[in-house]
Amino acid sequence: MGASASTIATVVSTHREINQSIDDFNGAVEKHERNIFDGYCPEVIAKAQRKKQLEETYREKLRVRQERKSKILEQFIYNQRQQTNPVIEAIMGRAAESQCRSSTKQSKESDRHVICSMDSTMAARSVQSLFRLLICLLVASTLDCIAKALALHQTITMGLSQPQNQRPTDVVSSPIALPKTIFAIRHGLSTANEYMRKPGNQWGDPDFNDKTDIDAPLSEVGRRQARLLLNNKELFESVDLVLVSPLRRCLQTYLEGVQPVCAKKAIVLPLLRERVYTQSDTSSFSLQELSRQHPSLDFSEVLIHENEPWHYTPSALDGEYEEWRPNDAQQTYAVPGEPEHIFERRMNELGHWLQQRPETRILIVSHWGVIRHFTNKEAGNCQVVHFQLEAGSENAKPKL
């Protein structure tokens, strides 16, 4: 009996110890979970709150900006009306005086009653016509001012805001002349570049013979160089406008190295073509044929007649052609070279065209001669060179 009591006491004691261990374990788990909750949840909550605050701040700034724009436009229209109202009031006052004088003359000279009535009617009609004319002029002036204000706002927004997927492609005069940041890419290595690297075929070599490909395409090395340009995605997405020369090596460089990562549609601009050194700088395709071959490109800036060549050819208006390329050691050339004064004139036209654009960050895919004209740098194949085109410097080389 004593042994049984001792056994029961041992079992009860063991049961209590087990229960205590379970309680201790549950307490430890509960404490651990509480520590995890206290350690991580506040960070998540704080992060969510900060995100919400940033979104609210952005919406508030956007609302304030829109209200400021609306107030400026309303004040502008109000000022225009205030400047015009005194003129209208003065005209109406003169019309009233004229009508009163006509009425007085009618009462004193009854024999001229019919004439005075006719004069009064004609005067009233004249005043009404003049008033309508002034209203039309006021409306037209106000609409013109609003259009100019919107154009100014658009230009400033293009320069300060983040770039968007679409930009206007029409040539318009910017209300404020802004400096342009130009990012120039020279095309990849062409078959003509490879030909002229060989001994005896280099520029100025004795017995040089121009056997380069007409409108030389990219070589296999040049195509690989072009595809490496895809690493500049952030730069290409940040520009407002993309321009490309119509020569085949530039079109290929753009299509393989820029277009896949840039949503903006490139404008084909003949002013960007290379100075004619060899027949590789000419083409057998018209710009209309190129536009049919490349429907993804914008040819709206092509203002050349269908049958007119878009690269340099001698003209009687330019005077008698004189060979300016090395020709003292029996060098032969397949086509006439573009004289320096004609090339300089074209570069001035290009600078003026760029200044007329509202965009401020412009990417061009062009050639060695064009980039060297603006930067005095010897650009390598697929090298990106940037420079500033200062406001009002269309006829001078831009500052680096």
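In the range 323-334, the count of residues that are surrounded by 12 or more Cβ atoms within 10 Å (Cβ to Cβ), of a type in the set (Lys, Arg), over 25 Å from the mean Cα position of the chain (by Cα) and at pLDDT 90 or above is one or more. Just give me the residues in the range 179-225 being among the basic types (Lys, Arg), open to solvent by 10 Å² or more (accessible area, probe 1.4 Å) and not in a loop (DSSP other than H, G, I, E, B), in sequence order. Scanning the range 179-225 gives ARG186, ARG223, ARG224. Going by the conditions given, is HIS373 open to solvent by 50 Å² or more (accessible area, probe 1.4 Å), in contact with a helix residue (DSSP H, G or I) (Cβ under 9 Å, 6 or more places away or on another chain) and assigned to a helix (DSSP H, G or I)? In short, no. Within the option set GLN279, GLN252, being open to solvent by 10 Å² or more (accessible area, probe 1.4 Å), modelled with pLDDT of 90 or more, of a type outside the set (D, E, K, R) and in contact with a Leu (Cβ under 6 Å, 6 or more places away or on another chain) holds for one residue only, GLN252. SER286 meets all of the listed conditions (1) small (Gly, Ala, Ser); (2) over 21 Å from the mean Cα position of the chain (by Cα); (3) open to solvent by 40 Å² or more (accessible area, probe 1.4 Å) but one, namely (3). Taking every residue in the range 342-355 that is under 18 Å from PRO179 (Cβ atoms) and pairing it with any residue that is surrounded by fewer than 16 Cβ atoms within 10 Å (Cβ to Cβ), at least 6 positions away or on another chain, the pairs with Cβ-Cβ distances below 6 Å are ASN348/ASN395. Residues that are open to solvent by 10 Å² or more (accessible area, probe 1.4 Å), among the hydrophobic types (A, V, I, L, M, F, W, C) and farther than 19 Å from ARG345 by Cα within the range 263-276 comprise just one, ALA263. Within this structure, VAL276 passes the test of being touching a His at 6+ places or on another chain (Cβ under 7 Å), under 21 Å from ASP210 (Cα atoms) and β-branched (Val, Ile, Thr).
Yes or no, residue by residue, for (1) in a strand (DSSP E or B); (2) modelled with pLDDT of 95 or more; (3) open to solvent by 30 Å² or more (accessible area, probe 1.4 Å); (4) more than 15 Å from VAL244 (Cα to Cα):
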site: HIS341; (1), (2), (3), (4): no, no, yes, yes
site: ARG345; (1), (2), (3), (4): no, no, yes, yes
site: LEU350; (1), (2), (3), (4): no, no, no, no
site: LEU363; (1), (2), (3), (4): yes, yes, no, no
site: CYS382; (1), (2), (3), (4): no, yes, no, no
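Counting the residues of the range 359-373 that are touching a Phe, Trp or Tyr at 6+ places or on another chain (Cβ under 8 Å) and among the β-branched types (Val, Ile, Thr) gives 3. Scan the range 297-322 residue by residue and report those that are open to solvent by 50 Å² or more (accessible area, probe 1.4 Å), under 28 Å from the mean Cα position of the chain (by Cα) and at pLDDT 70 or above. SER300, the sole residue that qualifies.
Residues considered: SER291, SER315. Of these, the only one that is under 30 Å from ARG223 (Cβ atoms), without any contact (Cβ under 8 Å) to a residue 24 or more places away in the chain and of a type in the set (Gly, Ala, Ser) is SER291. Determine whether the range 360-373 contains at least one residue that is farther than 28 Å from ASP210 by Cα, touching a strand residue (DSSP E or B) at 6+ places or on another chain (Cβ under 9 Å) and of a type in the set (Phe, Trp, Tyr). For the range 360-373, residues farther than 28 Å from ASP210 by Cα, touching a strand residue (DSSP E or B) at 6+ places or on another chain (Cβ under 9 Å) and of a type in the set (Phe, Trp, Tyr): absent. Do we have any residue at all in the range 233-245 that's outside any strand (DSSP E or B), open to solvent by less than 40 Å² (accessible area, probe 1.4 Å) and touching a Gly at 6+ places or on another chain (Cβ under 7 Å)? Checked against the condition, which is being outside any strand (DSSP E or B), open to solvent by less than 40 Å² (accessible area, probe 1.4 Å) and touching a Gly at 6+ places or on another chain (Cβ under 7 Å), the range 233-245 yields no hits at all.
The number of residues in the range 189-211 that are closer than 24 Å to SER286 by Cβ and modelled with pLDDT of 95 or more comes to 3.
The values are calculated or read from the model by the stated rules, or taken from the named source; none is laboratory data. Just so we're clear, the structure is a prediction, and the values are computed from it rather than from any experiment. In this analysis, Cβ positions are derived from the backbone assuming ideal geometry, glycine residues included, and neighbour counts consider all displayed protein chains. For accessibility, only protein heavy atoms count, side chains too; no ligands or nucleic acids. Shrake-Rupley method; radii C 1.70, N 1.55, O 1.52, S 1.80 Å.
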